[in-house]
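I have placed the structure first, in the form of structure tokens, so that the comments after it can refer back to it.
Just so you know, all these numbers are worked out from the coordinates, no wet-lab data involved. All values derive from a computational prediction rather than experimental measurement. We place every Cβ from the backbone using ideal geometry, glycine too, and count neighbours over all the protein chains shown.
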Amino acid sequence: YLVDVGVESFYGKVYLIGEYESYADIEKVITLAKATSGVREVVPHLMQIRKDPTCTSATNLALQGNVKVALLNEGEVWGTNIHVHAVQCHIILAGVIETRLEELRAIEVVERFIDVRSTTSYMRVLH
């Protein structure tokens, strides 16, 4: 079953972000997303559930909150437009932002956190 999946959607492109237990679950949720009116493309960013004492649910929640606060406090980033997901200590950013420079700055902010294993950006740049 799907444990925790966040959904982001921008301009007909749907991003599924989270964890799964079996591959059959991924197929079900992708099929459901594709069948939704207005969806042109589905991008799954799903990781198989695994036990990791160095990255617990509490670690993910803390990372997600701390990254969001850091983005809100960053003067060169419009943090309210950026959604933050933490999955197995990997940070996934999504949202609609003004410039590529803003995206790069947001990624730099995330990478300051020692517990972040990787950063993926699904931010849509307007200009």
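Structure values in brief
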item	result
Segment 37-98: equivalent-ellipsoid semi-axes (sqrt of 5 x gyration tensor eigenvalues, Cα, Å)	23, 20, 7
With 10 Å bins from 0: P(r) over segment 70-116, alpha-carbon pairs, percent	27, 60, 13
Magnitude of the charge dipole, segment 52-127, Cβ model with Lys/Arg +1 and Asp/Glu -1, debye to 20	120
Residue among VAL5, ALA24, LEU93 farthest towards the positive dipole end of segment 1-110, charges placed on Cβ	ALA24
GNM flexibility winner over the chain from THR54, THR80, THR99 (Cα, springs under 10 Å)	THR54
Amide H partners (placed H, <5 Å) of HIS83, local residues excluded	ALA94, GLY95
Residue of SER37, SER57, SER22 that the Gaussian network model of the chain assigns the largest fluctuation, springs spanning Cα pairs under 10 Å	SER37
Reduced Cα scattering model of segment 9-112, Debye log10 I(q)/I(0), q = 0.14, 0.23 Å⁻¹	-0.65, -1.19
Structure-based [θ]222 nm, the chain - -39500 (n - 2.57) summed over DSSP H runs of at least 4, per residue, nearest 500	-10000 deg cm²/dmol
Candidates ALA106, ALA62, ALA94, ranked by Gaussian network fluctuation over the chain, Cα under 10 Å, top entry	ALA62
Derived scalar couplings ³J(HN,Hα) [segment 44-54; Karplus, 6.51 cos²θ - 1.76 cosθ + 1.60; whole Hz; x for Gly, Pro]	x, 10, 10, 10, 5, 4, 8, 7, 8, x, 8
Cβ charges +1 (Lys, Arg) and -1 (Asp, Glu), total dipole of the chain, debye	200
Under 5 Å, built H, 5+ apart or other chain: amide partners of HIS45	LEU16, ILE17, GLY18
Trypsin sites (Lys or Arg not before Pro) lying in DSSP loop within segment 14-97, provided at most 15 other Cβ fall within 10 Å	ARG40, ARG50, LYS51
Under-5 Å amide H pairs with ARG117, H placed in peptide plane, nonlocal only	HIS90, ILE91
Theoretical FRET efficiency, 1/(1+(r/R0)^6), r = Cβ-Cβ of ASP115 and GLU21, R0 30 Å, to 0.05	0.80
